[in-house]
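The values are calculated or read from the model by the stated rules, or taken from the named source; none is laboratory data. All values reported here derive from a predicted model rather than from experimental measurement. No Cβ is skipped: glycine too gets one built from the backbone with ideal geometry, and neighbour counts run over all protein chains shown. Just the protein is used for accessible areas: all its heavy atoms, side chains included, with ligands, DNA and RNA removed. Shrake-Rupley method; radii C 1.70, N 1.55, O 1.52, S 1.80 Å.
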Amino acid sequence: MIQQILPKVQFDLLFGNSNDLVFYMEKVVDDYKYIYLNAPSIQLLSEDAIGKNISDIMDEKYYQVILENYNLAVERKKQVCYEDYQYRSSEVKKYETSVIPIFVEDKTFILAITKEITFERDLQDKYLFMRSVFFNTFLSTVLVSSDGRLLEANPQFLQDFNLNIEDVRWQHFSDLSIFTPKNANHFKRYLDEACKGKNLSSKFLSFVDKDGMIRSFTATFSPIFQNNEESFVVGVFVILQEITEIIKKEKELKSTATGLWNLKYAIDNAADMSITDLNGIIIDVNDRFIEQSGYSKEELLGANHQIVNSGFHSKEFFQKLWETIQSGTVWRGELCNRTKFGSIYWVDTTIIPLLDEKGNIQQFMSVHYNITQKKRMITELRNIERMFKMINDNTNDLIVITNEDGIILYASSAYTRKLGYNPDELIGQCYSKVLSGDCKELWKEELLNIDHNVNSKLELIHTTKNGEALWTECNYTVVNDYSRKHGFQIIMVAREITERKKIENQLLFLAYHDSLTQLPNRRYIQQEFPNIIEEAKARNTSIAVLYVDGDNFKDINDRYGHEVGDAFLNHFGRALQSSVRSNDLVVRIGGDEFAIVLTGLVKNKQKRDKQVKQIIDRIKESLQNGWVISNQQFSPTSSIGVSFYPDHGTKLEELLHLADRALYDVKTISKNNYKIYQS
């Protein structure tokens, strides 16, 4: 057996803690066998995948792309990177994979590292950005996922079929009661074609409305693609235009000689209409056709439809159209026409062969519905979808949409990249789930007092899935929720400011701490002392202020230099800090002068003096133990002056001054001692 160039132990050391998917595989003929998997890839494929080939555990539509890129890396003998997608339950995940070929003797191995680089939630989220484009249209419009589930429907559709969107959302669209079995099958077939990337137009469908009546529609199926290469369909917009009355008149036309004129009368006020002879020469047009085309009736009669041809469609397109109607079959489709004045307009056209009693074609009647607005709407939808994807893929901002109760309706892919949450872990949860403890309360208070007509800003700490804090500056806007009478939504855009906060905190720390010893400075004790006094009053305790001066520090600086002197002061400060209690405070005043605030002392003088003496003895002992700097042992001494609150004063500066006076008395008589101020 050939020894692995990448042993299992080394593989685990390198990738055991990685969040990426890592696969180590051996090339076996035209396939690849899994050798090692790290934890995320085992979670994706299961441990049973080890020892099996890719084709054994993966659908062909997925592994063909993988094999193609693996083979390319082997052929080129260098690293290859590619992107692919996975789509499950209306979720789209985008991955970037680096493929590294490894050659050992006559064996070939692959090391593949797959990173998830973006995430787009179900189409309902995209719909928040798209719905304004078509929700006010008179056309019935629905949004269907690629697995056939109804995601959204506009008010016109819901009204036509007496449906409540909350009752039918996520149901398979073809299972709704509005379908007959036959038309359900038709719809599934059209949806399958659209999911392959095809744009379908003028597809005939029938539905049962709220009154039990059969209504006929022409349907346009417009796929929504995952990326600009249009390689992956994630959903389909279906736009319906009703032609119930036209169909009724078609049936009448077959059974009565006057049907044509009844039909003509019925559609004159609703659609453009023209009638041609067997050669395609126009023999009649209605007023709407004249108005739409810009030509006079005299200019149209005797001409053929080339007069309004825009040049958009190919010769083969019109050839198939003629073959259809000349066979006696009704043709339905979309045509791009041009007016007399050069303007482009689109029509949804039905061309009906008119038969005599013997079934011979006599004329052709064309019924045209102007769909220019619909085509513009579809283009706008695609532009919005692409724009949304571009923003979602490239912004580092955390974008979230909640309802008025703070329940998350949408979370951008940055939540996956920055916070480590999958959108399905957030949707339906309280927004406070991703906030730190204090910020949870701040957000709840913000919700209670939110102004419906305001844009606001606040700072919040987000918490990543693994517990790390992420400072953000958040801007939110409140918008009305069209679907609920008194509801509203909050659109929040948060930008990370963690580094800025770190700098602010560092500056704040430096403002209140000594830069050499990192101990609190005079400014800090001045700010905190009022709180210490209030606590002493509340607990009926005393406070001691110790003014500490290192003996003979100047000699150390002169003899060993300032670098050793600075190190000496650091050790001196740490010795003081280690000698006092956790609730006491050590402050550097300047040079070799330090102040110590002892809190929680009893008011009985004898007991208090004993408490203070015990702490001073610990300080002396700690200093006597000393420390080594540059191979030199230092065991310094100190002189200490003491004053008490409330006996000697109630203000910090007063107590420091009196303790300094007591210190002066000590240094005058002898060093390495302490004295309590005597008035």
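Go through (1) part of a loop (DSSP other than H, G, I, E, B); (2) at pLDDT below 90 one by one and return the number of the condition residue 279 breaks.
In the conditions (1) part of a loop (DSSP other than H, G, I, E, B); (2) at pLDDT below 90, residue 279 misses (2) alone.
Quick check on residue 339: is it touching a Phe, Trp or Tyr at 6+ places or on another chain (Cβ under 9 Å) and free of Cβ contacts under 8 Å to residues at least 60 places away in the same chain? Working first, answer last.
On the way: touching a Phe, Trp or Tyr at 6+ places or on another chain (Cβ under 9 Å): yes; free of Cβ contacts under 8 Å to residues at least 60 places away in the same chain: yes.
Yes: the conditions hold for residue 339.
Restricting the search to segment 92-105, which residues are of a type outside the set (Phe, Trp, Tyr), at pLDDT below 85 and open to solvent by less than 40 Å² (accessible area, probe 1.4 Å)?
92, 94
Take the conditions at pLDDT 80 or above, touching a strand residue (DSSP E or B) at 6+ places or on another chain (Cβ under 7 Å), within 30 Å of residue 494 (Cα to Cα) and in a strand (DSSP E or B) and apply them to residue 351. Does it pass?
Against the criterion (at pLDDT 80 or above, touching a strand residue (DSSP E or B) at 6+ places or on another chain (Cβ under 7 Å), within 30 Å of residue 494 (Cα to Cα) and in a strand (DSSP E or B)), residue 351 does not qualify.
Taking segment 487-518, which residues are over 30 Å from residue 402 (Cβ atoms) and assigned to a loop (DSSP other than H, G, I, E, B)?
The answer is 514, 515, 516, 517, 518.
Go through segment 325-353 and report how many residues are open to solvent by 50 Å² or more (accessible area, probe 1.4 Å), within 16 Å of residue 367 (Cα to Cα) and within 46 Å of the chain's Cα centre (by Cα).
Going through segment 325-353 one residue at a time, the tally reaches 1.
Those residues that are under 21 Å from residue 20 (Cα atoms), open to solvent by 60 Å² or more (accessible area, probe 1.4 Å) and outside any helix (DSSP H, G or I), I need them from segment 53-77; list them, please.
Scanning segment 53-77 gives no hits.
Given the residues 416, 395, 402, which is the only one that is touching a helix residue (DSSP H, G or I) at 6+ places or on another chain (Cβ under 9 Å), within 23 Å of residue 468 (Cβ to Cβ), in contact (Cβ under 8 Å) with a residue 60 or more places away in the chain and open to solvent by 10 Å² or more (accessible area, probe 1.4 Å)?
416
Which of the residues belonging to segment 643-659 are of a type outside the set (Gly, Ala, Ser) and under 60 Å from the mean Cα position of the chain (by Cα)?
Of everything in segment 643-659, those that are of a type outside the set (Gly, Ala, Ser) and under 60 Å from the mean Cα position of the chain (by Cα) turn out to be 644, 645, 646, 650, 651, 652, 653, 654, 655, 656, 657.
Any residue in segment 151-168 that's farther than 17 Å from residue 243 by Cα: show its pairings with residues that are charged (D, E, K, R) and outside any loop (DSSP other than H, G, I, E, B) at Cβ separation under 8 Å, as long as the two are six or more apart or on different chains.
What qualifies is 152/131; 154/131; 165/152.
Can you name every residue in segment 523-562 that is of a type in the set (D, E, K, R) and either touching a Phe, Trp or Tyr at 6+ places or on another chain (Cβ under 8 Å) or modelled with pLDDT of 90 or more (or both)?
Answer for segment 523-562, where residues must be of a type in the set (D, E, K, R) and either touching a Phe, Trp or Tyr at 6+ places or on another chain (Cβ under 8 Å) or modelled with pLDDT of 90 or more (or both): 523, 528, 534, 535, 537, 539, 549.
Looking only at segment 251-276, count every residue that is at pLDDT below 60 and of a type in the set (Gly, Ala, Ser) and tell me the total.
Number satisfying all stated conditions: 3.
Taking segment 534-557, which residues are in contact (Cβ under 8 Å) with a residue 60 or more places away in the chain and either touching a Lys or Arg at 6+ places or on another chain (Cβ under 8 Å) or surrounded by fewer than 17 Cβ atoms within 10 Å (Cβ to Cβ) (or both)?
Within segment 534-557, 535, 539, 540, 541, 542, 544, 549, 551, 552 meet the criteria.
How about segment 512-560: which of its residues are among the aromatic types (Phe, Trp, Tyr) and touching a Pro at 6+ places or on another chain (Cβ under 9 Å)?
512, 553
Report those helices (runs of 4 or more DSSP H) wholly inside segment 153-220 carrying at least 2 residues which are among the charged types (D, E, K, R), surrounded by fewer than 12 Cβ atoms within 10 Å (Cβ to Cβ) and touching a Cys at 6+ places or on another chain (Cβ under 7 Å).
So the answer is none; nothing clears 2.
Looking at segment 285-304, which of the residues that are within 14 Å of residue 368 (Cβ to Cβ) and among the charged types (D, E, K, R) is most open to solvent (accessible area, probe 1.4 Å)?
In this case the residue turns out to be 291.
Between a residue in segment 48-70 that is in contact (Cβ under 8 Å) with a residue 24 or more places away in the chain and any residue that is hydrophobic (A, V, I, L, M, F, W, C), which pairs come within a Cβ distance under 6 Å, given they are 6 or more apart or on different chains?
So the pair list comes out as 69/80; 69/99; 70/99; 70/110.
Taking the criterion of being within 56 Å of the chain's Cα centre (by Cα), under 20 Å from residue 516 (Cα atoms), surrounded by fewer than 16 Cβ atoms within 10 Å (Cβ to Cβ) and among the charged types (D, E, K, R), would at least one residue in segment 558-578 satisfy it?
Checked against the condition, which is being within 56 Å of the chain's Cα centre (by Cα), under 20 Å from residue 516 (Cα atoms), surrounded by fewer than 16 Cβ atoms within 10 Å (Cβ to Cβ) and among the charged types (D, E, K, R), segment 558-578 yields at least one hit.
Give me a count of the residues in segment 293-344 that are touching a Cys at 6+ places or on another chain (Cβ under 8 Å) and of a type outside the set (S, T, N, Q).
So the answer is 3.
Could you give every pair whose Cβ atoms fall below 9 Å, whose first residue belongs to segment 649-670 and is among the small types (Gly, Ala, Ser), and whose second residue is open to solvent by less than 10 Å² (accessible area, probe 1.4 Å) and in a helix (DSSP H, G or I), counting only separations of at least 6 or pairs across chains?
Pairs found: 649/655.
Right, residue 560: closer than 20 Å to residue 522 by Cα and aromatic (Phe, Trp, Tyr) or not?
Against the criterion (closer than 20 Å to residue 522 by Cα and aromatic (Phe, Trp, Tyr)), residue 560 does not qualify.
Residues in segment 519-546 that are under 23 Å from residue 610 (Cβ atoms), outside any helix (DSSP H, G or I) and not β-branched (Val, Ile, Thr): how many?
The qualifying residues number 4.
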